[in-house]
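Novice: I have a structure here, written as structure tokens, and I will follow up with some questions on it.
The values are calculated or read from the model by the stated rules, or taken from the named source; none is laboratory data. Note that the structure is predicted; figures quoted are calculated from it, not measured. Quick reminder, even Gly has a Cβ in these numbers, built from the backbone with ideal geometry, and neighbours come from all protein chains shown.
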Amino acid sequence: MRQIQEAIVADASAEELAALPIPETYRAAFVRRSDAEMFAGRESWEKDPRESIQIDHVPVPELAPDEALVAVMASSINFNTVWTSIFEPLSTFGFLDRLGKESVWGARHALDHHVIGSDGSGVVLRTGSGVRNWKTGDKVSIHCNYVDDQDPTSHDDSMMAANQRIWGFETNFGGLADLTVVKANQLMPKPTHLTWEESAVNALCGSTAFRMLVSNNASAMKQGDVVLIWGATGGLGGYAVQLVLNGGGVPVGVVSSPEKAELLKKIGCEAVIDRKAENYQFWSDPHTQDETEWRRFGKKIRELVGEDPNIIFEHPGRQTMGASVFVCRRGGAIVTCAATSGYMIEYDNRHLWMKLKRIVSSHFANYQEAWSMNRLIDRGAIHPILSEVYALEDVGEATRQVHQNRHEGKLGVLCLAPEEGLGIQDPDKRARIGEDKIGMFRR
Ligand code: NAP
């Protein structure tokens, strides 16, 4: 692996990379099937990813004809890394076992260890015999939509495919490792002005935010739309704010500290609500929501931007959904992709139907949507929201930071990249776009 690392850092040719042997094992972050019950009886917040995430060597899987073997230079922590590591809402080994029953190639995934991670940047080392558009030496970023392209249901919007999965969450061989095996249709060109770690953090959260806001498959934001964004400096929110500004909308960002409020202003979001400072109590007890608090929240939004939101960018779920449905404008859309604070949702349906609001579901992004987001990043219209970088050995600690909501933006992870700052292919473009923009979330 050292030879592969040195060759990539030295910008070796495709021929040189093709001549290097692939090792039999590789370093990876994974959870173990035998640990699935280790947190039984503990509250969610007490479950510590540092206890469940292992860093060790695992066997390199065989490459299927439609796959590429990628040397992962960097990856990132996503909230699904948290879910896998605390075995909530269920153990991900069930996903792997189901995939294992689908085909001979699927059977490779049903192992007693699950290599996690749903983001990555790196270099293609080998391609399967059926891969046409990618070759050894290509520098890539990886999106996580894992789809069987021989399934007819995947050929309209591939997120509608009956067997659609998220790589590194519902499949094995994820990105938090020195190597990964991905389908060729997960590959995208690495943005040429970014480092490995800056290129590795965008695909999952950025593409999800793109589909939710920009795509016709969800809310299709128009110029001038007011968009309320929960968690506006988090992984999803940091891209959502940028997409709204880039598309001529008016973002209203919700955060939970003065530091995050300051960061939001820095990236150009003028309307900011600090939910902690305002002390909203949408739930007066675990079973009852308080409409007066929804009203107080709605009034604050009107004070800031003069009108109600056309779109609500929803993901906290149970804690916020009642308020989200209430404050959305007549005819507006609540677009939801998650439920971090609880998935059994309650809202007052009268506010939904009487004002003709829509709840729109959204989940990751199809290849076209992920590619469009990657293109915006490559053109310097949207920037990475990388705040901090961890070593692969410290994935447990990084995941804990995200679980405890102590982070901003995205946490990057160095895999084969020996240090930060490597991988920039076009320094002139980087200078034109500006370090201040590219590094706006850096701590
Ligand atoms: P993140 O980086 O942790 O950001 C989430 C933000 O939400 C936090 O920064 C926090 O901001 C805010 N938040 C958390 N709990 C809240 C609550 N109870 N009330 C209001 N705000 C709250 O996570 P992320 O990457 O953005 O992901 C967010 C959720 O979306 C996760 O559940 C994740 O699994 C899911 N997700 C789904 C998809 C998909 O394809 N379906 C894709 C990506 C992520 P403040 O504390 O500053 O308010």
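Novice: Mind checking whether some residue in the stretch 208-216 is basic (Lys, Arg), within 16 Å of the ligand (Cβ to nearest atom), at pLDDT 95 or above and not in a loop (DSSP other than H, G, I, E, B)?
Specialist: Within the stretch 208-216 (the criterion being basic (Lys, Arg), within 16 Å of the ligand (Cβ to nearest atom), at pLDDT 95 or above and not in a loop (DSSP other than H, G, I, E, B)), the answer is yes, since at least one residue qualifies.
Novice: Restricting to the stretch 264-281, name every residue that is on the phi > 0 side of the Ramachandran plot and either within 12 Å of the ligand (Cβ to nearest atom) or among the basic types (Lys, Arg) (or both).
Specialist: Residues satisfying the conditions do not exist here.
Novice: Now for a different question. Considering the stretch 395-418 alone, what residues qualify as being within 12 Å of the ligand (Cβ to nearest atom) and β-branched (Val, Ile, Thr)?
Specialist: Thr399, Val402
Novice: Could you say whether any residue in the stretch 341-356 is of a type outside the set (Phe, Trp, Tyr) and under 21 Å from Val250 (Cβ atoms)?
Specialist: There is at least one residue in the stretch 341-356 that is of a type outside the set (Phe, Trp, Tyr) and under 21 Å from Val250 (Cβ atoms).
Novice: Restricting the search to the stretch 363-381, which residues are charged (D, E, K, R) and either within 13 Å of the ligand (Cβ to nearest atom) or not assigned by TED's automatic domain parsing to the domain that holds Ile86 (or both)?
Specialist: Across the stretch 363-381, the qualifying residue is only Glu369.
Novice: Val123: touching a residue at least 60 places away in the same chain (Cβ under 8 Å) and assigned to a loop (DSSP other than H, G, I, E, B), yes or no?
Specialist: When the stated conditions are applied, Val123 does not pass them.
Novice: Val360 versus (1) within 14 Å of the ligand (Cβ to nearest atom); (2) not in a strand (DSSP E or B): which is the lone unmet condition?
Specialist: Of (1) within 14 Å of the ligand (Cβ to nearest atom); (2) not in a strand (DSSP E or B), only one is false for Val360: (2).
Novice: Continuing with this model, one more query. Regarding the stretch 209-225, can at least one residue be identified that is touching a Lys or Arg at 6+ places or on another chain (Cβ under 8 Å), over 30 Å from Gly120 (Cα atoms) and either crowded, with 24+ Cβ neighbours inside 10 Å or in contact (Cβ under 8 Å) with a residue 12 or more places away in the chain (or both)?
Specialist: So in the stretch 209-225, the residues touching a Lys or Arg at 6+ places or on another chain (Cβ under 8 Å) come out as 217-218.
Then keep just the ones that are over 30 Å from Gly120 (Cα atoms); that gives none.
Checking the stretch 209-225: not a single residue is touching a Lys or Arg at 6+ places or on another chain (Cβ under 8 Å), over 30 Å from Gly120 (Cα atoms) and either crowded, with 24+ Cβ neighbours inside 10 Å or in contact (Cβ under 8 Å) with a residue 12 or more places away in the chain (or both).
Novice: For the stretch 389-399, indicate whether the set of residues that are in a loop (DSSP other than H, G, I, E, B) and surrounded by fewer than 16 Cβ atoms within 10 Å (Cβ to Cβ) is non-empty.
Specialist: Within the stretch 389-399, not a single residue is in a loop (DSSP other than H, G, I, E, B) and surrounded by fewer than 16 Cβ atoms within 10 Å (Cβ to Cβ).
Novice: May I ask you to say which residue of Ala271, Ala232 is under 24 Å from Phe79 (Cα atoms) and touching a strand residue (DSSP E or B) at 6+ places or on another chain (Cβ under 6 Å)?
Specialist: Ala232
Novice: Shifting gears a bit: Which residue out of Glu197, Glu170 is surrounded by fewer than 24 Cβ atoms within 10 Å (Cβ to Cβ) and either at positive phi or among the acidic types (Asp, Glu) (or both)?
Specialist: Answer to the selection: Glu170.
The rows are residues; the columns are (1) over 30 Å from Gly120 (Cα atoms); (2) touching an Asp or Glu at 6+ places or on another chain (Cβ under 7 Å); (3) among the acidic types (Asp, Glu).
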site: Gly317; (1), (2), (3): no, no, no
site: Val335; (1), (2), (3): no, yes, no
site: Ile345; (1), (2), (3): yes, no, no
site: Trp353; (1), (2), (3): yes, no, no
site: Leu356; (1), (2), (3): yes, no, no
site: Ala365; (1), (2), (3): no, no, no
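Novice: What number of residues in the stretch 297-343 are within 14 Å of the ligand (Cβ to nearest atom) and either on the phi > 0 side of the Ramachandran plot or assigned to a loop (DSSP other than H, G, I, E, B) (or both)?
Specialist: Counting residues in the stretch 297-343 that are within 14 Å of the ligand (Cβ to nearest atom) and either on the phi > 0 side of the Ramachandran plot or assigned to a loop (DSSP other than H, G, I, E, B) (or both) gives 13.
Novice: So, one more: Tally up the residues in the stretch 238-263 that are more than 12 Å from the ligand (Cβ to nearest atom) and of a type in the set (Lys, Arg), please.
Specialist: Of the residues in that region, 0 qualify.
Novice: Something else about it: For the stretch 364-396, give me each residue that is touching a Leu at 6+ places or on another chain (Cβ under 9 Å) and either without any contact (Cβ under 8 Å) to a residue 12 or more places away in the chain or polar (S, T, N, Q) (or both).
Specialist: Residue satisfying the conditions is Ser387 alone.
Novice: For residues that are aliphatic (A, V, I, L, M) and surrounded by fewer than 20 Cβ atoms within 10 Å (Cβ to Cβ), scanning just the stretch 80-110, find the one that is farthest from the chain's Cα centre (by Cα).
Specialist: Looking only at the stretch 80-110, we keep the residues that are aliphatic (A, V, I, L, M), and these are 82, 86, 90, 96, 99, 104, 107, 110.
Pick out the ones that are also surrounded by fewer than 20 Cβ atoms within 10 Å (Cβ to Cβ) and you get 90, 104, 107, 110.
Numbers: Leu90: 19, Val104: 29, Ala107: 26, Ala110: 24 Å.
Here the residue is Val104.
Novice: Tell me yes or no: at least one residue of the stretch 126-137 is hydrophobic (A, V, I, L, M, F, W, C) and in contact with a Ser or Thr (Cβ under 7 Å, 6 or more places away or on another chain).
Specialist: Taking the stretch 126-137 first, the residues hydrophobic (A, V, I, L, M, F, W, C) are 131, 134.
Then keep just the ones that are in contact with a Ser or Thr (Cβ under 7 Å, 6 or more places away or on another chain); that gives 134.
Within the stretch 126-137 (the criterion being hydrophobic (A, V, I, L, M, F, W, C) and in contact with a Ser or Thr (Cβ under 7 Å, 6 or more places away or on another chain)), the answer is yes, since at least one residue qualifies.
Novice: Then there is this: Going by the conditions given, is Asp290 more than 17 Å from Phe313 (Cβ to Cβ), without any contact (Cβ under 8 Å) to a residue 12 or more places away in the chain and surrounded by 14 or more Cβ atoms within 10 Å (Cβ to Cβ)? Break it down stepwise before answering.
Specialist: Numbers: more than 17 Å from Phe313 (Cβ to Cβ): yes; without any contact (Cβ under 8 Å) to a residue 12 or more places away in the chain: yes; surrounded by 14 or more Cβ atoms within 10 Å (Cβ to Cβ): yes.
Spelling it out, Asp290 is indeed more than 17 Å from Phe313 (Cβ to Cβ), without any contact (Cβ under 8 Å) to a residue 12 or more places away in the chain and surrounded by 14 or more Cβ atoms within 10 Å (Cβ to Cβ).
Novice: Can you give me the number of residues within the stretch 400-436 that are in contact with a strand residue (DSSP E or B) (Cβ under 9 Å, 6 or more places away or on another chain) and part of a loop (DSSP other than H, G, I, E, B)? Give the steps one after another, and end with the answer.
Specialist: Going through the stretch 400-436, the residues in contact with a strand residue (DSSP E or B) (Cβ under 9 Å, 6 or more places away or on another chain) turn out to be 401-402, 407-417, 420, 422-423, 425.
So of that shortlist, the ones also part of a loop (DSSP other than H, G, I, E, B) come out as 407-409, 415-417, 420, 422-423, 425.
Selection size over the stretch 400-436: 10.
Novice: Hey, can you tell me all the residues within the stretch 333-347 that are among the hydroxyl-bearing types (Ser, Thr, Tyr) and either within 22 Å of the chain's Cα centre (by Cα) or modelled with pLDDT under 95 (or both)?
Specialist: Passing the criteria: Thr336, Thr340, Ser341, Tyr343.
Novice: Out of the stretch 69-79, which residues are more than 9 Å from the ligand (Cβ to nearest atom) and crowded, with 24+ Cβ neighbours inside 10 Å?
Specialist: Those that are more than 9 Å from the ligand (Cβ to nearest atom) and crowded, with 24+ Cβ neighbours inside 10 Å: Val70, Ala71, Val72, Met73, Ala74, Ser75, Ser76.
Novice: Looking at the stretch 158-176, can you tell me whether even one residue there is within 17 Å of Leu17 (Cα to Cα) and not in a strand (DSSP E or B)?
Specialist: Looking through the stretch 158-176, none of the residues is within 17 Å of Leu17 (Cα to Cα) and not in a strand (DSSP E or B).
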